[in-house]
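**Student:** Take this structure, written in structure tokens, and hold onto it; I'll ask about it next.
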Amino acid sequence: MVAQPSFSVSADAEPSGSLGAAYDRLPTAVVCVRGAAVFYANPAAAALFRRPVASLIETPWAALCRAVSAEPLDLAQRAQAGGAVTVALKDMGAGASEPLCQLFVSPLRLVPGGDWLLIFEPVSALGPLADQQDVLSRLLDTVGDAVLLVDDDGRILDLNTAAQRVFAVDRDPARGMSVWPLLAPTLFEDGGMGEEASVQMLIRAVPRSTLGTGRSITMSRVDGIGFPGEMAVSPLPLPTVSAHLVTVRDVSDRKRIESRLERLALYDPLTRLPNRVKILQHLERMIAQAPLRTIVAISIDIDHFKYVNDFFGHGPGDRLLQAVGGRLGGDLEEGDLLGHLGGDDFVIISSTLDPVATIDRLARRVEEASARTFLIDQSELYISLSQGIALYPDHASEPSNLLTAAQAATYEAKEAGRATTVVYSERVRDRRAGRLAIETDLRRAAERGEFSLEYQPRLGTLDGTLRGMEALLRWDHPEMGRIPPSHFIPIAEESGLIVPIGHWVLETACKQARYWMQRGFPDLKVAINLSVRQFRDAGLLQKVVEALEASGLPPANLELEITESGLMSDLDRAVDLLQDLKALGITIAIDDFGTGYSSLSYLKRLPIDLLKIDRSFISGISDNADDRAICQAIVSMAASLTLETVAEGVETESQFECLQEIGCREVQGYYFARPLSVGDFSTYLTRHPANSPR
């Protein structure tokens, strides 16, 4: 394009890009000026001035020509005036005449900084207008962007091949058409631009180039299909007609990519709901548009969602999230917005003048969403939802704090028993702050020596001999005293701290068991619980090997306990890992058996040695027929698979007698001994009958 080249200028002032190449092929002399000096000249200019291109670069343009008339030659005035001016070429060599040329000047509006395009046409070479337009047409066809040559009245004089493709029109039918229905269809239809509109109106509407700025204008093809385009308008002086070059860049593909990237940035790809970033943006707009209204934020969490993933797998779990999102989003009122914050956390926000009514409406909507079952992969799933409610500005003055408050209330609802609703309060805030304080202190507890292990004996039901002990973690906080495991273990699990803490327990228990072995108790077996997070740790096998090697404990004296949910989250991996652990000689036990899946089909696949009957069944075994039947079934099932059974939580003589009757081989609980410190367990060993191997 002559008036608006889209090439860039490198450090050595050589132009690059399609227009630079086009100028090089043009038979007309073209010179580009920046400030007062030449920064580009094509081969035709070198031939005209009888100088190499390199010698023209950085030459003051005024040294190349002079005005024939008495008027001074000013590029800005010349470009504004339009048309051509006759100039005489200077410094053509000794004895050479000064040939006359027609000089056309146009600003390079695509390149900021006062650059100018100078076209020199020898007077003798100027032919009819048709010939000039033919040259220009061939030049325009070398440009990648769509270029329209229009007159002052907005009639198309010519267009290049790219413009024919962009506007879906051939060259001949387009000549003479009005450009306004193509460039400004909305304004044209609304009467803002009619047939009488001039190019100057377009220049006023688009005073600066929008090419490459990201600002697009809605344009239209001849067939009426709209598209986003960027545009620049520049005057093009011709000897017999005043014309303008309109450059258009179709940015439809870029807009589609931008839209796709925006969706990835602002929407959850699984549920297609707004994500946290989008929700925060929406909250900011809500506050700005109606600062005196109340904003209700309801955080929603699926209770026990991890069990769905553990049992059915992540695919069905994802489909449940999609189904819950779809059901929550149904029948929401205008102004409500549902979002997915990640995991199984959803949120609904609404701006209202009546927060009580809005809370009641939205809370009932959430309850209705979980009232019916979900059919996922031909399986009916019953779920419950916990809700946390926070209000702007009552509970938070910033969008992010509002979401945090709502989620804190949700955590409180889950701790209160789930399937309930909690409104944010100072009590919720204090409890959350306490949880964060525990998490912070947990990170330093091991290095400060605040952790210790206690050991609970495990006895044989037939002869009462000591068979082993279970290592149990204890935390003595310097300020809060002894913190119950039920308070800090879930926090450690959620935060991931359970992995390094569990490694400390493994190393410490192995060393202690080895110490007691060396003191005359060679058959003691220490049982250690592995959390779900630990079992999923890719480095677990290596850590077990290192703990055994560092302590010197024989693998046969180590028992690892894992819950059913920890195994079922990835059964194939669980089988492989358990086989590797058993290959070392380690005993494998399933902890809390009976509370999870308790299926013969998966038990047959697992390389395990022992089932630990959950204490919830033991507590009622002596006076509840169902609990006794369950315990009997577990013992019988274990025997059929040549597995041992251990009952935990035995607290009374009658419970112990029932377990003896149904054939359970080992027991532990307060009826025999509470968890003991290292010193107390050492004393227990000396007073208890000698242990015998199983």
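**Student:** What size of dipole, in debye to the nearest 20, comes out for the stretch 288-373 about its Cα centre when the only charges are +1 on Lys and Arg C-beta atoms and -1 on Asp and Glu C-beta atoms?
**Tutor:** Details: 8 positive and 14 negative charges, 14 e Å.
I would put it at about 60 debye.
**Student:** Still on this structure, I have one more. Straight distance only, please: which lysines reach the Cα of Lys278 with their own Cα at less than 22 Å, same-chain residues fewer than 8 apart left out?
**Tutor:** Within reach: Lys255.
**Student:** Quick check on packing: order 147-158, 633-644 by the mean number of other C-beta atoms within 10 Å, highest mean leading. Please list the in-between numbers first.
**Tutor:** On the way: 147-158: 20.7, 633-644: 15.9.
Averaged packing, sorted descending, gives the order 147-158, 633-644.
**Student:** So, in nm, how far is label Ser137 from label Ser252 when the simple model puts each one 7 Å beyond its Cα toward the Cβ?
**Tutor:** 2.6 nm
**Student:** Past the 24 Å Cα-Cα mark, which pairs from Lys306/Lys582; Lys543/Lys604; Lys511/Lys582; Lys543/Lys582?
**Tutor:** Values: Lys306/Lys582 27 Å; Lys543/Lys604 27 Å; Lys511/Lys582 20 Å; Lys543/Lys582 15 Å.
Pairs exceeding the cut-off: Lys306/Lys582; Lys543/Lys604.
**Student:** Something else now. Rounded to the nearest Å, what's the spacing between the alpha carbon centres of the stretch 512-585 and the stretch 613-689? Just the number, please.
**Tutor:** 22 Å
**Student:** So the label point goes 7 Å from the Cα of Lys543 along Cα→C-beta, right? Which residues of the stretch 309-332 then have their backbone N under 17 Å from it?
**Tutor:** Backbone N within reach: none found.
**Student:** Follow-up. Given the Cα-Cα distance of Leu462 and Ala556 and 0.36 nm per residue of separation, how much length would full extension add, in nm?
**Tutor:** On the way: separation 94, 0.36 × 94 = 33.84 nm, distance 2.22 nm.
Fully extending the segment from Leu462 to Ala556 adds 31.6 nm.
**Student:** So for the pair Asp152, Ala416, with labels modelled 7 Å out along Cα→Cβ, what separation do we get in nm?
**Tutor:** Each label point is offset 7 Å from its Cα along the Cβ direction, giving 7.8 nm.
**Student:** Using per-residue counts of other Cβ atoms within 10 Å, averaged over each peptide, order 498-511, 473-486, 377-390 from highest down. Walk me through the numbers before you get to the answer.
**Tutor:** Working: 498-511: 20.2, 473-486: 13.0, 377-390: 17.7.
By packing density, highest mean first, the sequence is 498-511, 377-390, 473-486.
**Student:** Work out how much length Glu651 to Ala21 would gain on full extension: take 0.36 nm times their residue separation and subtract the Cα-Cα distance, in nm to one decimal.
**Tutor:** Working: separation 630, 0.36 × 630 = 226.80 nm, distance 9.25 nm.
Once the chain is fully extended between Glu651 and Ala21, it gains 217.5 nm.
**Student:** Here's another thing I want to ask about it. Which distance in Å, rounded to a whole number, links the C-alpha centroids of the stretch 340-363 and the stretch 415-435?
**Tutor:** One Cα centre to the other: 17 Å.
**Student:** Still on this structure, I have one more. At what distance in nm do the modelled label points of Thr218 and Phe311 sit from each other, each positioned 7 Å from its Cα along Cα→Cβ?
**Tutor:** According to this spin-label approximation, the distance is 5.2 nm.
**Student:** Ignoring solvent entirely, what values of log10 I(q)/I(0) come out of the Debye formula for the stretch 369-453 at 0.27 Å⁻¹ when each Cα is a single scatterer?
**Tutor:** Normalising to I(0) and taking log10 leaves -1.19.
**Student:** If you don't mind, there's one more thing I want to ask. Which whole-number percentage describes the relative contact order of the stretch 241-380, with Cα contacts under 8 Å and a sequence gap of 6 or more?
**Tutor:** Details: 130 pairs, mean separation 38.0, N = 140.
Relative CO of the stretch 241-380 lands at 27 percent.
**Student:** Binning at 5 Å from 0, report for the stretch 267-424 what percent of all alpha-carbon pair distances ends up in each bin.
**Tutor:** 2, 10, 20, 23, 22, 13, 7, 3, 1, 0
**Student:** Go ahead and run the numbers for FRET between Asp318 and Arg519, Cβ-Cβ distance against an R0 of 51 Å, rounding to 0.05.
**Tutor:** Values: r = 53 Å, r/R0 = 1.05.
Using R0 = 51 Å, I get an efficiency of 0.45.
**Student:** If you don't mind, another one. What full-extension length gain, to one decimal in nm, is calculated for Arg165 and Glu661 as 0.36 nm per residue of separation minus the Cα-Cα distance? Please report the intermediate quantities before stating the final value.
**Tutor:** Values: separation 496, 0.36 × 496 = 178.56 nm, distance 8.98 nm.
Taking 0.36 nm per residue and subtracting the Cα distance, the gain is 169.6 nm.
Just so you know, all these numbers are worked out from the coordinates, no wet-lab data involved. Just so it is clear, the structure is predicted and the values come from calculations on it, not from any experiment. As a convention, Cβ positions derive from the backbone with ideal geometry for all residues, glycine included, and neighbour counts pool all protein chains shown.
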